[in-house]
1. Is one or more of the residues making up segment 227-243 closer than 21 Å to residue 84 by Cα and touching a strand residue (DSSP E or B) at 6+ places or on another chain (Cβ under 8 Å)?
2. Within segment 190-209, is there a residue that is at pLDDT 90 or above, out of contact with any Pro (no Cβ under 8 Å at 6 or more places or on another chain), of a type in the set (D, E, K, R) and over 22 Å from residue 148 (Cβ atoms)?
3. Quick check on my filter: what residues within segment 142-185 are assigned to a helix (DSSP H, G or I), open to solvent by 40 Å² or more (accessible area, probe 1.4 Å) and touching a residue at least 60 places away in the same chain (Cβ under 8 Å)?
4. Looking only at residues in segment 127-141 that are β-branched (Val, Ile, Thr) and open to solvent by 20 Å² or more (accessible area, probe 1.4 Å), which one is farthest from residue 85 (Cα to Cα)?
5. Restricting the search to segment 183-201, which residues are closer than 20 Å to residue 242 by Cα and polar (S, T, N, Q)?
Amino acid sequence: MSQENIEIVGFVTAFFIILASFITGALLYLRQYRKKKLEHEEEKNSLQKQHQLQLMQTQLNSQQQTMHHIGREIHDSVGQKLTLASIYTKQMTAENDKAAAIYSLIDESLRELRQLSKSLTDPELLTISIHDLLMKEAERVNASGACYLRIEPLAAPDNLEPGEKNTLFRLLQEFIQNSLKHAACRNITISFLKDDAQLVVHATDDGKGFELKANNAGNGLYNMKRRAEELKAELLLNSRPGSGTQLTIKIPVA
């Protein structure tokens with residue numbers, strides 16, 4: 001075999017060796033790529049399953065919380081309106097035109113019961129401020145003529161989540177309800193102060209007051225303390241006979 005043929009054979013052999021190495025490398029790369037892709041798909045499916053399980057657990061927890069929430073709201077929200085209805089009833093002997101207002105309150109209470117059975121949080125809490133919620137409450141209270149509820153405007157946004165807003169609103173409703181039922185007051189005032197760290201709410205009435213120690217176990221005070229704990233807020237209550245009642249709520253805000 002001539003030198004030239006030997007060189008050709010060597011070149012062809014080298015070419016096939018390089019080609020075989022390239023093909024082998026490509027096959028190994030594709031195999032590794034497919035393996036990683038399968039591992040990625042398995043990991044993705046595993047994460048999706050974990051996410052679905054978390055969603056199911058969250059839904060179960062939410063359902064349980066809703067049942068407890070409905071029981072509390074029946075007492076706090078509907079109880080407030082029925083208290084006002086009771087006040088109207090006492091005045092019917094002198095003013096028979098109050099009957100229409102009584103029917104309106106009872107009808108509103110029934111509608112709210114239906115809403116509570118459907119949703120944990122009232123949809124309007126997503127768009128309405130705590131000040132506007134209280135202004136609506138003031139309209140109902142002031143229409144009774146038994147007491148005047150004054151809401152001082154909040155200049156800065158309250159920055160409260162819907163759940164927090166609902167809890168604060170129900171807490172203040174409890175204070176208003178207790179003042180109407182027990183304080184024999186003529187005026188209730190609710191005001192706000194806000195800085196970068198906290199929202200401070202002051203609620204006062206000019207009623208007959210009470211001894212705190214003697215009423216420490218009362219259901220109304222217990223409910224307010226429980227709601228303050230939900231807000232992670234500091235709650236201060238001051239009262240004494242003849243000097244009305246003063247409530248301060250300090251809520252940390254983001």
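The values are calculated or read from the model by the stated rules, or taken from the named source; none is laboratory data. All figures in this text were calculated on a predicted structure; none of them were measured in a lab. Reconstructed Cβ throughout: ideal geometry from the backbone, glycine too, with neighbour counts over all protein chains shown. When the accessible area is computed, the model is the full protein with side chains, heavy atoms only, and any ligands, DNA or RNA have been set aside. Shrake-Rupley method; radii C 1.70, N 1.55, O 1.52, S 1.80 Å.
1. no
2. no
3. Kept after step one, since they are assigned to a helix (DSSP H, G or I), are these residues of segment 142-185: 142-144, 162-183.
With open to solvent by 40 Å² or more (accessible area, probe 1.4 Å) added as a condition, the list becomes 142-143, 164, 181-182.
Once the filter is applied, which keeps residues that are assigned to a helix (DSSP H, G or I), open to solvent by 40 Å² or more (accessible area, probe 1.4 Å) and touching a residue at least 60 places away in the same chain (Cβ under 8 Å), segment 142-185 yields 164, 181.
4. Filtering segment 127-141 down to residues β-branched (Val, Ile, Thr) leaves 127-128, 130, 141.
Among the residues that remain, those that are also open to solvent by 20 Å² or more (accessible area, probe 1.4 Å) are: 127-128.
Details: 127: 28, 128: 25 Å.
This residue is 127.
5. Once the filter is applied, which keeps residues that are closer than 20 Å to residue 242 by Cα and polar (S, T, N, Q), segment 183-201 yields 187, 189.
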